[in-house]
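All remarks here apply to the structure that follows.
The values are calculated or read from the model by the stated rules, or taken from the named source; none is laboratory data. The structure presented is a predicted model; accordingly, all values stated were derived computationally and were not measured. With ideal geometry, Cβ positions are generated from the backbone for all residues, glycine too; neighbour counts draw on all protein chains shown. Side chains included, ligands, DNA and RNA excluded: accessible areas come from the protein's heavy atoms. Shrake-Rupley method; radii C 1.70, N 1.55, O 1.52, S 1.80 Å.
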Amino acid sequence: MDVVSAHNLTKIYGKDKVTAVNGVSFTVSKGEIFGLIGPDGAGKTSIFRMLTTLLLPENGTATVGGLDIQRDYKQIRKQIGYMPGRFSLYTDLTVEENLNFFATVFGTTVKENYDLIKDIYIQIEPFKKRKAGKLSGGMKQKLALCCALIHKPDVLFLDEPTTGVDPVSRKEFWEMLKRLKTQGITILVSTPYMDEAVLCDRIALMQKGTILSINTPQAIINKLPDRLFAVKAGNMYDLLRTLQRNTNISGSYSFGEYVHVVLSPSGISPEDVQSYLQQQGLTEIEWKKATVTVEDCFIKLLRE
Amino acid sequence: MAEYVIKAEKLTKKFGDFTATNAISFEVGKGEIFGFLGANGAGKTTAMRMLCGLSKPTSGKATIAGFDIYKQTEQIKKNIGYMSQKFSLYEDLTILENIHFFGGIYGLNNQQLKSKSKQLLHDLDLEKEAKKLVSGIPLGWKQKLAFSVAVLHNPAVVFLDEPTGGVDPVTRRQFWDMIYEVAHHGMTVFVTTHYMDEAEYCNRISIMVDGKIEALNTPSNLKHQFNVPSMDQVFYQLARGAKRIE
């Protein structure tokens, strides 16, 4: 069953008619972790705000839990949890007070659904008397997640929960999401970090209000037609410049400690590129087949 | 021995009985790209503020481009560039006005301002957009412009505080191309980031945990030392033991 279904969803802002979301369609199944992956300005937040009934679309339709986002907004709000990108709890209430407040608003108690948040809440419990505004970034994030979960929603919307968060806290956060998934909660999450894409069941790669590709991370990776290599040399700066000068090479860009070299399926051979690099005076060349990542696919889509 | 542009020795900053930065020592060479990593709350921002001459250390020593961070903060400010994701440009000034404003602050004369801004607009392919307000241009352009403005006066060091948040992978790489370019011409780059693939682009990296530098080396030596395949795992091994959660 589709828990979320968006059809031709469109959002246009202001008198300048800026199209933030341009005819986006997708579905999310029950218990899925679905990722909207893309940079600022891709339209991720606008999509979340329409699905959470906070913004009206200019065009298109969508349902959440089988309910229409325009007609049934009141019911939808009871069944979803939403964690906006900007910290939006009450900074002058304590951790405990925030949690109680959100439980009460949704007509429940912390005790009733404590099982669901227990794993996360025990990490911030030592600070339950502290004001939310005085928490560190990682703790704010955990509290916000608890508040979004306290009424036991069917669907959870997380807008860039890990932006600006260090790699250790990011990893912990994704482990929490995996545990929530086992409880049957459907999760829509957005992120600008490409390495988080593989942690989702399915992803939509987004840019400027449109979906460039939508599939499982592995299927997106498998679809890349090009041959991809990881290359190192004594002087990495020269290596990149030299590769970029050669127009027979489809693409070359830094990738961690290597440069990724993209060769089209029927184009120049890797051997030819290696001898070209030697001719150009590069030394200590290390050349190997690269493991394709979602980031490589995204770069390819952006360049098309 | 290489020429050191940044030298820090047992640099310490205490706020009351809280030691934000705890006796950190390191050197950064001319033209080096130095990655300054650490978990949220590890003390990076405090350290960076001291190095920029914005905050007086509690103890320890440091020099930037040969200037003392206790006594010569004004000279330091003239010899460094600074860019952060949070603040870099005035949104309600045009692109050209921003260039002139920052160039003027850094003491460029009219003739220099004119030629530098022309060159900069050309390099960034922003000639047609020069009269647009910064608030209306895409984030990727803003970041490239902010960086160019921060190095307009050709400082000895440029400090970049999480410069590439929120942009797409292509724009992020174009940004790093600019970093490589200035480093290639001898500028020292001091950068913080949460992207571990960017850590790999640095010549050397330090990782701070609870106010101390717990590791400092080249990315490949660090991976070797911790016997893991990625910087992500090096970071994880060091930072997961952090006690400090503010």
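Assorted remarks:
- Residue that is farthest from the chain's Cα centre (by Cα), among those in the range B:84-133 that are within 14 Å of chain A (Cβ to nearest Cβ) and open to solvent by 60 Å² or more (accessible area, probe 1.4 Å): B:Lys132
- Flag if B:Gly43 is under 14 Å from the mean Cα position of the chain (by Cα) and within 18 Å of B:Ile205 (Cα to Cα): no
- The one condition in (1) surrounded by fewer than 19 Cβ atoms within 10 Å (Cβ to Cβ); (2) closer than 10 Å to B:Gly35 by Cα that B:Gly186 fails to fulfil: (2)
- Residue in the range B:69-89 that is of a type in the set (Asp, Glu) and within 22 Å of B:Ile33 (Cα to Cα) present: no
- Residue check, B:Ile6 out of contact with any Phe, Trp or Tyr (no Cβ under 6 Å at 6 or more places or on another chain), open to solvent by less than 20 Å² (accessible area, probe 1.4 Å), at pLDDT 95 or above and over 21 Å from B:Thr192 (Cα atoms): no
- Hits in the range A:228-283 (condition: without any contact (Cβ under 8 Å) to a residue 12 or more places away in the chain and under 28 Å from the mean Cα position of the chain (by Cα)): A:Gly256
- Within the range B:199-219, tally of residues that are in contact (Cβ under 8 Å) with a residue 40 or more places away in the chain and among the polar types (S, T, N, Q): 2
- Filtered by the rule that a residue be outside any helix (DSSP H, G or I) and open to solvent by 20 Å² or more (accessible area, probe 1.4 Å), the range B:71-83 gives B:Lys71, B:Gln72, B:Tyr82.
- Any chance B:Ser220 is among the hydroxyl-bearing types (Ser, Thr, Tyr), over 29 Å from B:Asp123 (Cβ atoms) and out of contact with any helix residue (DSSP H, G or I) (no Cβ under 8 Å at 6 or more places or on another chain): yes
- Strands (runs of 3 or more DSSP E) (entirely within the range A:1-116) containing at least 1 residues that are open to solvent by 70 Å² or more (accessible area, probe 1.4 Å): A:2-13, A:18-29, A:59-64
- Criterion violated by A:Cys297 - all others in (1) part of a strand (DSSP E or B); (2) crowded, with 17+ Cβ neighbours inside 10 Å satisfied: (1)
- A:Lys129 meets the stated requirement of being in contact with a Ser or Thr (Cβ under 9 Å, 6 or more places away or on another chain), at pLDDT 95 or above and surrounded by fewer than 21 Cβ atoms within 10 Å (Cβ to Cβ).
- Output for the range A:129-150, where each listed residue is within 14 Å of chain B (Cβ to nearest Cβ), assigned to a loop (DSSP other than H, G, I, E, B) and not polar (S, T, N, Q): A:Arg130, A:Leu135
- Checked against (1) open to solvent by 60 Å² or more (accessible area, probe 1.4 Å); (2) modelled with pLDDT of 90 or more, B:Gly136 passes all but a single condition, namely (2).
- Selection count, the range A:156-206, where residues are in contact (Cβ under 8 Å) with a residue 60 or more places away in the chain, within 14 Å of chain B (Cβ to nearest Cβ) and open to solvent by 20 Å² or more (accessible area, probe 1.4 Å): 5
- Subset of the range A:192-207 [within 18 Å of A:Phe26 (Cβ to Cβ) and either out of contact with any helix residue (DSSP H, G or I) (no Cβ under 8 Å at 6 or more places or on another chain) or part of a strand (DSSP E or B) (or both)]: A:Asp201, A:Arg202, A:Ile203, A:Ala204, A:Leu205, A:Met206, A:Gln207
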